[in-house]
Amino acid sequence: MELTRRKILALGSGTVALASVAGLPAFASLADDAIAELTGGADMGDGAVKLIAPEIAENGNTVPIGVEAPGAVEISLFADGNPVPNVATFRFGPLSASRSASTRIRLAQTQNVIAVAKMEDGSFQMAKAEVKVTIGGCGG
Amino acid sequence: MQQRTTLGLVMAVGLAGGAVWAGPDEDQLVVNGEIEMVTETAAPAHMENISTIYSGWRFRSDETQAVQTDDFDNPGMLGVENAMVAWETAEGSAAASCAGCHGAPEQMAGLRAVYPKWNEEKGMVTTLEMEVNNCRETRMGAEKWSYTGGQMTDMIALISSVSRGMPVNVAIDGPAKSTWEQGKELYYTRTGQLEMSCAICHEQSYGQMIRADHLSQGHINGFPTYRLKNTKLNSVHARFKGCVRDTRAETFSPGSPEFIALELYVASRGNGLSVEGPSVRN
Amino acid sequence: MADGVRPRVKVPKTAAAGETITIKTLISHKMESGQRKDKDGNVIPRSIINRFTADFNGQNVIDVAMEPAISTNPFFEFEAVVPEAGAFTFTWYDDDGSVYEETKEIAIS
């Protein structure tokens with residue numbers, strides 16, 4: 001077949017380019033430490049926290065994230081591949097309705113977003129989601 | 001050989017793998033529950049190689065699309081708010097404000113849809129940015145704004161926002177014809193180290209992935225656009241400059257005759273799509 | 001005081017007593033993370049909004065501790081119960097000591 005630039009572009013640009021570090025992200029242990037600081041090392045249950053995150057982030061600069069945990073007093077967000085793992089802590093007051101919040105965050109590379117909820121009885125619950133952070137086309 | 005070197009460069013840019021055509025999705029765009037946008041329509045008659053045109057919105061992920069559906073989700077509206085303050089602010093030796101002559105910003109409805117346009121007085125095609133600066137200089141006695149700077153882009157976003165939902169309808173005949181033809185020629189001319197033209201990506205390869213970006217048809221109905229990548233409003237000429245530079249070519253300047261011509265031509269490729277600016281894109 | 005910091009908030013104009021409403025807040029702010037370097041290689045110092053609160057008639061709805069990983073032009077969407085007519089007060093606290101505020105009233109329908 002005649003190799004035109006058009007065909008090269010068609011053949012060559014099929015795969016999704018992932019910005020990720022092979023193996024465990026270097027910052028993962030920082031995230032573990034930050035979470036341990038919050039929970040005092042206590043075990044975290046799962047099933048009570050809903051974490052809404054895209055599978056593939058269109059752009060790592062602005063990634064929409066949502067969390068919901070009925071019965072939570074506060075929910076903390078962590079990103080285990082960011083240079084600083086802490087992202088935000090949502091503390092719900094007496095007039096909070098659904099113990100949920102949405103925001104937009106920065107993710108430096110493909111990594112896990114982790115939500116840890118402190119429940120009314122003092123126990124902890126968590127949810128985790130991997131978000132792929134991609135490199136865009138021309139100019140990134 | 002020249003040909004092989006360039007191919008080598010293009011291969012270095014791409015990655016091994018099968019071609020993936022992930023066409024525009026099927027979603028419908030309604031903003032604020034009331035502005036129904038046309039994001040798909042028959043290509044204008046002057047386009048030879050495309051039969052259906054799609055707004056860039058249709059190529060974005062669900063999450064990105066959602067950000068444009070509500071003016072309180074869309075960070076581009078922060079720029080519009082800035083411009084609303086500027087609209088009311090008296091400036092320059094004439095101590096005039098936009099509001100003083102033009103009334104409410106809503107009076108500008110319809111403008112964004114027909115620019116760039118032939119200006120009889122100036123004897124050339126002008127863009128909205130040029131008209132804003134013309135007003136500032138000659139009627140307000142104020143300093144011009146930088147063509148792609150924040151203040152100008154915010155103001156174009158405001159002027160655009162009051163035309164949302166209206167079909168893009170720039171004139172390509174009459175006195176604007178030769179400018180349009182110049183723009184068309186630029187669109188199809190390969191330039192730069194990568195020897196790429198606008199058409200290679202946006203006409204021949206739309207729907208395909210360039211690395212992880214979903215290539216659109218490159219319409220500008222959504223400009224100024226809030227890009228997630230740089231978290232700010234981007235103007236048309238700023239984007240042209242970025243695109244040209246990304247093909248490793250010497251770029252024209254914002255406000256240059258070449259970019260004015262190119263803007264007229266590119267706008268005309270989207271005739272029929274709704275004005276969306278300020279939109280949200282990658 | 002950081003320049004051009006502007007809040008933009010969506011609160012319904014009315015609600016039934018006890019109804020749950022959705023609130024959206026945006027504020028224009030660069031959120032300089034402290035991770036970037038200028039062209040001479042020097043770190044650009046961190047300068048972010050570090051806290052956001054929403055209160056209604058003196059009672060708290062939500063209190064967010066924010067880190068540099070929150071994107072430029074911070075956005076929050078959350079729900080509040082509206083027990084009676086009154087005013088929501090939204091407050092953003094900047095690293096540089098500035099405090100930005102916005103108030104929205106709501107009536108009972």
Query raised in the report: Can you list the equivalent-ellipsoid semi-axes of the stretch C:16-109, largest first and in whole Å, using the square root of 5 times each Cα gyration tensor eigenvalue?
Result: 33, 11, 9
Report summary line: Compactness summary of chain B: radius of gyration and Dmax from Cα atoms, Å, are 19.0, 63
Query raised in the report: What number comes out for the charge environment of A:Asn82, summing +1 per Lys or Arg and -1 per Asp or Glu over other residues with Cβ under 12 Å away?
Result: -1
Query raised in the report: Normalised by the number of residues in the stretch B:87-161, what is the relative contact order in percent for Cα pairs under 8 Å and 6+ residues apart?
Result: 33 percent
Query raised in the report: In the stretch B:205-282, which trypsin sites (Lys or Arg not before Pro) fall in coil by DSSP and have 11 or fewer other Cβ atoms within 10 Å?
Result: none
Query - Estimated [θ] at 222 nm from DSSP helical runs (n ≥ 4, -39500 (n - 2.57)) normalised by residues in the protein assembly as shown, nearest 500 - result: -6500 deg cm²/dmol
Query - Pairwise Cα inverse-distance average, inverted: Kirkwood Rh of the protein assembly as shown (Å) - result: 24.9 Å
Query raised in the report: Taking θ as phi - 60°, what are the ³J(HN,Hα) couplings along the stretch C:90-105 by the Karplus curve (6.51, -1.76, 1.60), each to the nearest whole Hz, with x for Gly and Pro?
Result: 10, 10, 10, 10, 8, 3, 7, x, 5, 10, 10, 9, 9, 10, 9, 8
Report task. Tell me which residues come under 5 Å, amide H to amide H, from C:Ile62 once H is placed; ignore anything under 5 positions away on its chain. Result -> A:Gly93, C:Ala54
Report task. Return P(r) of the stretch B:74-180 (all Cα-Cα pairs; 10 Å bins starting at 0; whole %; ordered from short to long distances). Result -> 14, 44, 33, 8
Query - Relative contact order [Cα under 8 Å, 6+ residues apart], chain B, whole percent - result: 27 percent
Query raised in the report: Going toward the positive end of the dipole of chain B, with +1 on Lys and Arg Cβ and -1 on Asp and Glu Cβ, which of B:Ala90, B:Tyr226, B:Gly100 do you reach last?
Result: B:Tyr226
Query raised in the report: Across the stretch A:111-123, in residue order, what do the Karplus-derived ³J(HN,Hα) couplings come to in whole Hz, using 6.51 cos²θ - 1.76 cosθ + 1.60 with θ = phi - 60° and x for Gly and Pro?
Result: 5, 9, 9, 10, 10, 10, 9, 9, 8, 4, 8, x, 7
Requested in this report: Could you grab the relative contact order for the stretch C:41-109? Cα pairs under 8 Å, six or more apart, rounded to a whole percent.
Outcome: 34 percent
Query raised in the report: Around C:Phe75, which amide H atoms from residues at least 5 apart in sequence, or from another chain, sit under 5 Å from its own amide H, with H modelled in the peptide plane?
Result: A:Arg104
Query raised in the report: So, with +1 on the Cβ of K and R and -1 on the Cβ of D and E, and no other charges, what is the size of the charge dipole of the protein assembly as shown about its Cα centre, to the nearest 20 debye?
Result: 1600 debye
Report summary line: With Cα springs under 10 Å, the Gaussian network model of chain C assigns the largest mean-square fluctuation among C:Asn42, C:Asn50, C:Asn60 to C:Asn42
**Report entry** Stokes-Einstein D (µm²/s) once Rh is taken as the Kirkwood radius of the stretch B:229-282 over alpha-carbon pairs, at 10 °C in 1.306 mPa s
**Finding:** 128 µm²/s
Requested in this report: Show the residues, 5+ positions off or on another chain, whose built amide H is closer than 5 Å to the amide H of C:Arg51.
Outcome: C:Met66, C:Tyr93
Query raised in the report: Hey, if you drop one equal point scatterer on each alpha-carbon of the stretch B:35-85 and run the Debye formula without solvent, what base-10 log of I(q)/I(0) do you get at q = 0.15, 0.29 Å⁻¹?
Result: -0.59, -1.09
Query raised in the report: What is the Cα centroid distance between the stretch C:4-21 and the stretch B:90-133, reported in whole angstrom?
Result: 34 Å
Query raised in the report: Within chain B, which is the longest segment containing none of the GluC sites (Glu not before Pro) that sit in a DSSP loop and have at most 14 other Cβ atoms within 10 Å?
Result: B:144-249
Report task. Considering the convex hull of the alpha carbon atoms of the stretch B:179-228, report its projected area averaged over all viewing directions, in nm², one decimal. Result -> 4.6 nm²
Query - Tilt relative to chain B, helix B:177-188 - C-alpha long axis, 0 to 90 degrees, to 10 - result: 40 degrees
Query raised in the report: ³J(HN,Hα) across the stretch B:253-260 via Karplus (A = 6.51, B = -1.76, C = 1.60, θ = phi - 60°), whole Hz, x for Gly/Pro?
Result: 8, x, x, 6, x, 5, 6, 5
Report summary line: Any trypsin sites (Lys or Arg not before Pro) in the stretch B:102-177 that lie in a DSSP loop and have at most 11 other Cβ atoms within 10 Å would be B:Lys122
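Since every read-out is calculated from the coordinates, none of them should be taken as a lab result. Just so you know, these numbers come straight off a predicted model, no measurement behind them. Cβ sites come from the backbone with ideal geometry, for glycine too, and all protein chains shown count toward neighbours.
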